[in-house]
Amino acid sequence: MTGLSMFIDQYFSLPRIAGLLALLSFFYYLWISILRSPRNTKPSSVSPPEVAGAWPILGHLPRLLGSRPLFKILTDMSDNYGPIFMVRFGMHPTLVVSSWEMAKECFTTNDKFLAGRPSGAVNKYLTFALFGFSTYGPYWREIRKISTLHLLSHRRLELLKHVSYLEVANCMKHLHGCWIDSQNQIKQNDVAAGSVKVDMGRVFGELTLNVVLKLVAGKSIFFKNDNTRGYDSKDGHNKEEEEGKKLHKTIIDFYSLAGASVASDVLPFLGWLDVDGQKKRMKRVAKDMDFIAAKWLEEHRHQRRQTVLSSSAALGSSNRDDAKDFMDVMMSVLDVENYDLFFSYSRDTVIKTTCLCSVTNFMT
C-alpha cells in the first residue's frame, strides 16, 4: 500500500493534473479554431469590431467576471467600440447591441436570423421542449399557433373572462374572512381593532396563480374555503394548497435558473463538470415541473373517461373547446386533428410542456 501511495503521489499530483487539463484545453482550442474553420470563405466586408485583449480559450471572461456589474463593463466597452461590437464568452463569439436603433434592426428586419436559442445547459436540462424557449422553427411556429388560437385569442378570453371575476371574488371573500377572524381574536385589544395585516404580495401571487391554473389546467387551489379562518391559519393548509405552494416555488426556482449560466456554456469541454451544482438544481426543478404536469394530464384523462362513460355526446363536437381549460383543448386538438408536429417529442410531452410554458409565461 505504501508503494501504491507513492506512485499516486508521484504521477497524479495536482500540478500534473492541471498541466494535463491545460494541454487538453489547448488542443481543443486548436481543433475548434483551426481544424473546423471553414475553407474558401470570403471575409465579410462589414463586421462589427471585436473587443481587444481576448485570451485563448477563455476569451474576454477575465474582463467580464468580477465585482463590477456586467452591464457597466459592457457600457464602458460600448463607449470605446460603438453601439454594436463582439465579445467572446469563452469560446462563443457574442454580439452586443447597446442602442435602440440597432435593437430595432435586430428584432424587426433581422428577427428570424436572431430568433434562435443557445443550446446550453438550461436548454438541455430545464427548458426541454418548452416552445417559449425553443429555437425558431416549425415546432415553435405550430405550438405558438395553437397557444394563440386556443388560449390567447379574443374569443377565448371573452369566453373565459368569468374565471378571473370568480377568482377575484373568492379572493375578496377570503380577505374578508381573514379580517373577521382577526377581529374575533383581538376583541380584548382595542388598539388593533378594525385593521389586520396581510401580505398583499402573497395574496396577488396566489390570485394570479389561481387564475392561470384555472385557464390552463382547470384547477383552483387557493381561497377555496369560505369559512372565516385567518389567512395564516395553520389548519388551512390542505393538500391542494400545499400543491399550489410547491408549484409557486417551483416556478420561482425555474425562472431563477432559466437565466443561469454554467461553466460548460462558455467552455464546452467542461460539460462533465457541475462545479456549483446548477445542473443538479435544473434537473430537480425540471423533474418537479414534469411531475406536476403529468398529474394534471392524468386527472384530465380520468375526467375524459368518466365523461365518455356518463354521456353519449361525442368529444369531438364543434364546440369542444368552449368553457374548457387549455390542457383539455390541447388533448382534443392533438388527438382529433392528428398533428404531425411532435418533432421527436411524444404527444404527452408536447401537451405537458406547452401547458407549463403557458403557466410560467402568465406568471411573469
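The values are calculated or read from the model by the stated rules, or taken from the named source; none is laboratory data. Quantities reported herein were computed from a predicted structural model and do not represent experimental measurements. Because the Cβ atoms are built from the backbone with ideal geometry, glycine has one as well, and the counts that use them run over all protein chains shown. For accessibility, only protein heavy atoms count, side chains too; no ligands or nucleic acids. Shrake-Rupley method; radii C 1.70, N 1.55, O 1.52, S 1.80 Å.
Summary table
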{"read-out": "Test set (1) surrounded by fewer than 16 Cβ atoms within 10 Å (Cβ to Cβ); (2) aliphatic (A, V, I, L, M); (3) not in a loop (DSSP other than H, G, I, E, B) - residue 152 fails condition number", "value": "(3)"}
{"read-out": "Residue match in segment 309-322 (condition: crowded, with 16+ Cβ neighbours inside 10 Å, at pLDDT 80 or above and either closer than 21 Å to residue 127 by Cβ or in contact with a Ser or Thr (Cβ under 9 Å, 6 or more places away or on another chain) (or both))", "value": "no"}
{"read-out": "Candidate set: segment 346-364, residues that are modelled with pLDDT under 80 and in a helix (DSSP H, G or I); chosen: the one surrounded by the most Cβ atoms within 10 Å (Cβ to Cβ)", "value": "360"}
{"read-out": "Residues that are closer than 21 Å to residue 327 by Cβ and at pLDDT 85 or above, drawn from segment 219-257", "value": "250, 254"}
{"read-out": "Boolean, residue 62 is part of a strand (DSSP E or B), modelled with pLDDT of 85 or more and under 18 Å from residue 268 (Cα atoms)", "value": "no"}
{"read-out": "Residue under evaluation residue 81, criteria (1) touching a residue at least 40 places away in the same chain (Cβ under 8 Å); (2) touching an Asp or Glu at 6+ places or on another chain (Cβ under 9 Å), criterion not met", "value": "(1)"}
{"read-out": "Output for segment 94-119, where each listed residue is touching a Leu at 6+ places or on another chain (Cβ under 8 Å) and not β-branched (Val, Ile, Thr)", "value": "98, 106, 107"}
{"read-out": "Cβ pairs under 7 Å, 6+ apart, first in segment 136-156 and in contact (Cβ under 8 Å) with a residue 24 or more places away in the chain and of a type in the set (Ser, Thr, Tyr), second part of a helix (DSSP H, G or I) and surrounded by 15 or more Cβ atoms within 10 Å (Cβ to Cβ)", "value": "139/131; 147/354; 147/358"}
{"read-out": "Residue list for segment 123-138, restricted to those being open to solvent by 20 Å² or more (accessible area, probe 1.4 Å) and either more than 20 Å from residue 359 (Cα to Cα) or part of a helix (DSSP H, G or I) (or both)", "value": "123, 124, 125, 131, 132, 133, 136, 138"}
{"read-out": "Residue 279 being over 22 Å from residue 205 (Cα atoms), of a type outside the set (S, T, N, Q) and in a helix (DSSP H, G or I)", "value": "yes"}
{"read-out": "Total residues in segment 124-141, condition modelled with pLDDT under 85 and of a type in the set (D, E, K, R)", "value": "1"}
{"read-out": "Flag for residue 211 being part of a helix (DSSP H, G or I), at pLDDT 75 or above and over 18 Å from residue 249 (Cβ atoms)", "value": "yes"}
{"read-out": "Every pair of residues 6+ apart whose Cβ atoms lie under 6 Å, when the first sits in segment 88-99 and is outside any strand (DSSP E or B) while the second is buried (at least 18 other Cβ atoms within 10 Å of the Cβ) and at pLDDT below 85", "value": "90/266; 90/267"}
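One line per residue, one yes/no per condition, for (1) at pLDDT below 85; (2) polar (S, T, N, Q); (3) part of a loop (DSSP other than H, G, I, E, B):
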residue: 19; (1), (2), (3): yes, no, no
residue: 25; (1), (2), (3): yes, yes, no
residue: 31; (1), (2), (3): yes, no, no
residue: 42; (1), (2), (3): yes, no, yes
